[in-house]
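Worksheet: one structure, shown below.
The values are calculated or read from the model by the stated rules, or taken from the named source; none is laboratory data. Quantities reported herein were computed from a predicted structural model and do not represent experimental measurements. Keep in mind that these areas ignore ligands, DNA and RNA; they rest on the heavy atoms of the full protein, side chains included. Shrake-Rupley method; radii C 1.70, N 1.55, O 1.52, S 1.80 Å.
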Amino acid sequence: MREYLLTLCITAAVTYLLTGPVRKFAIVAGAMPEIRARDVHREPTPRLGGIAMFFGLCAGLLVADHLANLNEVFAKSNEPKALLSGAALIWLIGVLDDKFEIDALIKLGGQMIAAGVMVMQGLTILWLPVPGVGSVALTQWQSTLLTVALVVITINAVNFVDGLDGLAAGMVCIASAAFFLYAYRVWVSYGIEAAAPATLFSAILMGMCLGFLPHNMHPARIFMGDSGSMLIGLVLAAGAISITGQVDPDALKLFAGSEQAAVHQTVPVYIPLLLPLTIIAVPTADLVLAIVRRTWRGQSPFAADRGHLHHRLLEIGHSHSRAVLIMYFWSALIAFGALAYSVNSASMWIVLGVVFLSAIGLLLLLLPRFTPRAPRWAEHFVPPRYRRRGAVAEAGPAMAEHTAQDGAPAEEERRTPVVVGVSGVNGATALGGRSHHPDRRKAGTPR
């Protein structure tokens, strides 16, 4: 565990320290599009944050290769090299797209090639655990097609939620944390070495997201762009592929009594990881809804729009930060709920806890304009946004102006509502092309 924590910290530190220079490079390189009426952000913001995240990935793998215990992962498995090869390819395509806005079909082809590179080096799904049957071996063509499909779906599911500051990085960090606990339990508790690469991948992914988040939280100073969103989507998919297709349920039957019982024990996380529907349940739901919505309108499934879940939260009145936190909450609830259920599926307290937290989440969705207020005795210890109006007025115009800058409710109420049907620059899909002719009209101008 100490070596995993060291790898995580090194990855986060390298990503955090490189994001500042990368931001300056993005500005100089011109990877900073103009503001359009469709954008959520209000100031031109550079992209290419994926450059720092990629070098954080390289640093994490390099450090892990020189640690006593984690070195065995590189000695016994070719999966880390396969991940680095696929990540380098998808990252290069993302960098080119952030700068030159390449065609959607080229990006799709690049995603498939990156997945194929990982398959050729052994990072593929060999079998599937099926309830009541056991492990079902796949042919080479079946495993290749399933692996490529999983990589492409995960990349685009992650990219679909990259529409608000800090949203994609935070949700993937939550998912990778739950995934790390599950993979670490399979490796340490059952002694299955095949789960070690997935554990390492999830630790490095957490470091990449944690190192980038301080620069990407609202108001964001830099966007990860496609170079970052496609990269973290590929790393997340690589971990799911590694533990889903490489860990043989037959190795768990010694602990569960039989192979069928072992498969049943791991189904709550195995099968959803394969689709994937729990670890990235919210992005996957957003992906499916977007495809249905666009197809129903007669549009291309990959045409960027602004009907995603996080844009809907803004439309009903939630602030930017609150919409992000609500998405965090649902991601954590689903991911860690599935994790807890996989540990003890017979516990009724887990089910009741998930139901209770789901009710709280629904309540938060129904209170978009609710702002908590601190007691009068604590008003001097909280930000101005949580103070009563009278206390802010007594502080004078300077405090009122400072309150407005900090995101007072009055400013949020004056904010122009989000119009469904268009897309922000950091919310474009991984397959959807951006407009080559920026719309310089001000927000709210009739077309």
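Here are a few things to note about the model shown:
- Probing with 1.4 Å while keeping every protein chain in the model, the per residue accessible area of segment 78-195 equals 37 Å².
- Panel values: segment 49-185, Kirkwood radius from alpha carbon pairs, Stokes-Einstein at 37 °C and 0.692 mPa s, translational diffusion coefficient 195 µm²/s.
- Across segment 108-249, the fraction of Cα-Cα pairs farther apart than 18 Å, rounded to a whole number, is 57%.
- J(HN,Hα) series, segment 168-184, from Karplus relation 6.51 cos²θ - 1.76 cosθ + 1.60, nearest Hz, glycine and proline x: 5, 5, x, 5, 5, 5, 5, 5, 5, 5, 5, 5, 4, 4, 5, 5, 5
- Taken one residue at a time, the phi angles of segment 85-99 give Karplus couplings (6.51, -1.76, 1.60, θ = phi - 60°) of 5, x, 5, 4, 5, 5, 5, 5, 5, x, 5, 5, 5, 5, 8 Hz. Gly and Pro are set to x.
- Carbon and sulfur %, accessible surface of segment 105-230 computed with the full protein complex present, 1.4 Å: 74 percent
- By accessible area with a 1.4 Å probe, ligands and nucleic acids excluded, highest first: order of LYS107, LYS99, LYS81: LYS81, LYS99, LYS107
- The listed residues LEU57, LEU325, LEU181, once ranked by accessible area (1.4 Å probe) with the largest placed first, stand as LEU325, LEU181, LEU57.
- Theoretical gain in end-to-end length, ALA137 to THR295 [0.36 nm per residue, Cα-Cα removed]: 53.4 nm
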